[in-house]
Amino acid sequence: MRLQKRLQKLLIASVLAVPFSIPITQPGLTQLPELPPAQNPEASPADDLSPSPTDNSHTPSSIPAVSGTDDSRPALALTEADVVSLLLQNNRELRNEALERIAQRQELREAESIFNPDFTPTVSVVVRDRTDDATEITREARLGGELLTPLGTTLEVTVDVIDDQDVELTVTQPLLRGAGRAVNTASVEIARLQETNNQLDLRQRLITDITVGVSTYYALIRAQASLQIQQLSFETQQQQRRSIEALVEAGRRAQFELVEIDANLAATETDVLEAENALEQAKSDLLDLLDLEDSIEITIPEEILTDLVVQEAKVLPLEELVEVAYDNRPDYRQAQLDLQIAELDEVVAVDNRRWNLDLRANASTGDFSEASTELVLTRLLEDESTETAFQRNQVTQQQLRNDLERLQSDIRLEVADQLRDVESARNRIEATRLARELAEQRLENARERARRGRTRDIFEVLELQNDVVEAQNSEVNAAIDLADAIASLNQSVGTTLTVWADQVESSQLLTMPSSPD
């Protein structure tokens with residue numbers, strides 16, 4: 001009997017020696033990707049705003065290899081740089097946008113050819129069969145040419161290339177409507193501004209899609225880290241359950257405590273299942289965004305979760321960030337271009353209100369040469385369309401100016417909000433790290449009391465256990481929130497393409513594609 005009591009004491013002592021705390025989450029889970037080095041030493045200070053690819057060895061030309069997994073599903077380990085590279089290479093909508101540039105570039109060439117000479121060859125054979133007369137066959141071959149100069153002068157030349165090579169020449173010089181370089185080159189200037197606008201459209205699309213891709217990647221990291229934390233919590237609670245069960249069998253704990261810990265285990269298991277589902281959904285979202293097969297198993301390289309180091313990013317003051325945004329944001333530059341186009345349209349609208357007064361000279365050579373000069377004045381009466389176009393242009397210009405002023409204000413507010421989010425996330429990282437350390441210390445204290453037999457009840461341990469899990473998740477979320485906030489700030493100031501310049505250049509999306517066969 002005495003030996004049995006001694007064995008029970010040894011069993012209880014060994015049980016109490018089992019830790020009651022969750023293993024501390026690996027520090028890498030709560031830290032951010034390393035901020036990018038500048039693309040070149042002379043790059044804009046704003047380039048330091050966004051996290052760079054975690055593994056710089058993965059360039060767009062070296063997409064990660066797909067390997068097999070235990071369940072025979074091909075695995076793809078992705079870094080942040082890989083995500084951006086795959087996004088730019090696989091996204092069909094982006095490729096379609098790039099292909100559209102072929103037609104847009106041709107439209108510019110068409111507009112710029114307005115001052116190139118046009119030649120029109122004409123060849124005709126006429127057969128006339130008259131009653132009581134012989135059949136007559138006439139041939140004619142003429143070459144016509146027309147040229148418009150930037151001053152509005154029109155030259156028309158027609159040459160008979162078969163017979164006597166007669167030449168007819170007409171020169172028309174507008175004196176009112178259609179006269180002058182400003183009016184005649186307006187269409188070319190508008191086409192060039194529109195071409196710049198088209199380039200900015202594509203850049204804006206790239207910025208948006210890259211930011212979405214990076215955020216989706218961060219969501220996957222968040223989901224994977226959350227699952228790991230929940231799994232560690234569940235394993236530790238199972239260990240606790242075995243410890244409590246031994247104490248109950250030894251008569252040191254009440255049976256109802258097993259019921260309580262089993263209830264907590266069931267709740268934690270539910271959290272694990274929800275975290276697993278969230279992780280699968282995050283993987284599915286990323287696969288869909290990258291246009292990859294859903295049979296691929298995406299994984300986050302272990303070093304990203306364990307070796308990520310927080311570095312201090314150089315964030316410019318608000319006023320400097322706003323100036324960077326004005327210089328780099330495609331939508332702001334497009335608003336400026338729209339106003340310039342409207343101002344050129346005003347030149348045409350004002351010109352269309354004038355009378356047509358043309359000085360016309362005609363000359364011809366052949367059997368009889370002749371020349372003439374005339375002054376022609378014309379006006380379409382009761383035509384309200386020209387006045388309507390002018391008034392509409394005036395309204396449009398004022399609206400565009402209002403929109404530009406509003407956009408300036410919106411950009412300032414947006415950049416200020418994003419900057420505040422960055423600073424808030426930084427502060428929350430420090431606060432959540434301290435909260436996690438304190439929660440772990442409280443749980444460790446409860447464990448020490450349990451070892452000494454001084455713990456109050458199982459509810460205290462369970463509550464502290466849940467507090468640690470919540471604190472760990474909060475720290476992870478705060479770290480990823482900071483990375484998200486920096487990516488959003490880059491989008492707000494228009495420096496996303498600078499941060500990911502290597503990937504964008506390798507994708508060649510901003511390079512004029514060759515014409516399809």
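The values are calculated or read from the model by the stated rules, or taken from the named source; none is laboratory data. A quick note: this is a predicted structure, and the numbers were derived from the prediction, not measured. Note: ideal-geometry Cβ built from the backbone for every residue, glycine included; neighbour counts use all protein chains shown. All accessible areas refer to the heavy atoms of the entire protein, side chains included, with ligands and DNA or RNA removed. Shrake-Rupley method; radii C 1.70, N 1.55, O 1.52, S 1.80 Å.
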Please give the length that would be gained between residue 241 and residue 463 if that part of the chain were fully extended, namely 0.36 nm times their separation in residues minus their C-alpha to C-alpha distance (nm, one decimal).
78.5 nm
Expected output is a single nm value to one decimal: the length gained when fully extending between residue 508 and residue 159, i.e. 0.36 nm times separation in residues minus the C-alpha distance. What is it?
120.8 nm
Added length on full extension, which subtracts the Cα-Cα distance from 0.36 nm per residue, residue 430 to residue 291
46.3 nm
What does a probe at residue 381 reach in region 353-375, counting residues whose amide N is under 17 Å from the point 7 Å along Cα→Cβ?
355-356
Any chance you could look up the accessible area of residue 172 with a 1.4 Å probe, heavy atoms only, rounded to 10 Å²?
20
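How about region 370-409: which GluC sites (Glu not before Pro) there lie in a loop by DSSP and see at most 14 other Cβ atoms within 10 Å? Don't skip to the answer; put the middle values down first.
Values: sites: 370, 374, 382, 384, 387, 405; in loops: 382, 384.
When the GluC sites (Glu not before Pro) of region 370-409 are filtered for loop state and at most 14 Cβ neighbours within 10 Å, 382, 384 remain.
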Restricted to Cα positions, what overall size does region 70-126 have along the principal axes? Three whole-Å values, descending.
83, 29, 11
Taking Cα centroids, how far is region 161-192 from region 472-508 in Å?
53
HN-Hα couplings for region 75-82 via Karplus (6.51, -1.76, 1.60; θ = phi - 60°), in whole Hz with x for Gly/Pro, come out as 9, 10, 7, 10, 9, 4, 5, 4
Kindly report, to the nearest 10 Å², the accessible surface of residue 314 as traced by a 1.4 Å probe over protein heavy atoms only.
120
Just how large is the dipole of region 187-317 about the Cα centre, in debye to the nearest 20, putting +1 at every Lys and Arg Cβ and -1 at every Asp and Glu Cβ?
500
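Remind me, relative contact order of region 113-157 in percent, using alpha carbon pairs under 8 angstrom and six or more residues apart? Please report the intermediate quantities before stating the final value.
Values: 67 pairs, mean separation 18.0, N = 45.
Relative contact order comes out at 40 percent.
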Förster radius 60 Å - calculated FRET efficiency between residue 149 and residue 399 (Cβ-Cβ, nearest 0.05)
0.95
Under 12 Å from a point placed 7 Å out from the Cα of residue 115 along the Cα-to-Cβ direction: which residues of region 187-201 have their backbone N that close?
187-189
The FRET efficiency for residue 277 and residue 93, from their Cβ-Cβ distance with R0 = 22 Å and rounded to 0.05, is 0.20
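Please compute the net charge surrounding residue 415, taking Lys and Arg as +1 and Asp and Glu as -1 over other residues with Cβ under 12 Å from its Cβ. All intermediate terms of the calculation are to be shown ahead of the outcome.
Working: positive: 329, 412, 420; negative: 319, 320, 323, 410, 414, 417, 421.
Charge balance near residue 415 sits at -4.
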If you count only protein heavy atoms and use a 1.4 Å probe, how large is the accessible surface of residue 437, to the nearest 10 Å²?
90
Enumerate by residue number the GluC sites (Glu not before Pro) in region 253-306 meeting two conditions: DSSP loop (anything except H, G, I, E, B), and at most 11 other Cβ atoms within 10 Å of the site's Cβ.
293
Using θ = phi - 60° and the Karplus form 6.51 cos²θ - 1.76 cosθ + 1.60, what ³J(HN,Hα) does each residue of region 379-393 get, whole Hz, x for Gly and Pro?
7, 7, 7, 6, 9, 8, 5, 5, 5, 4, 4, 5, 5, 4, 5
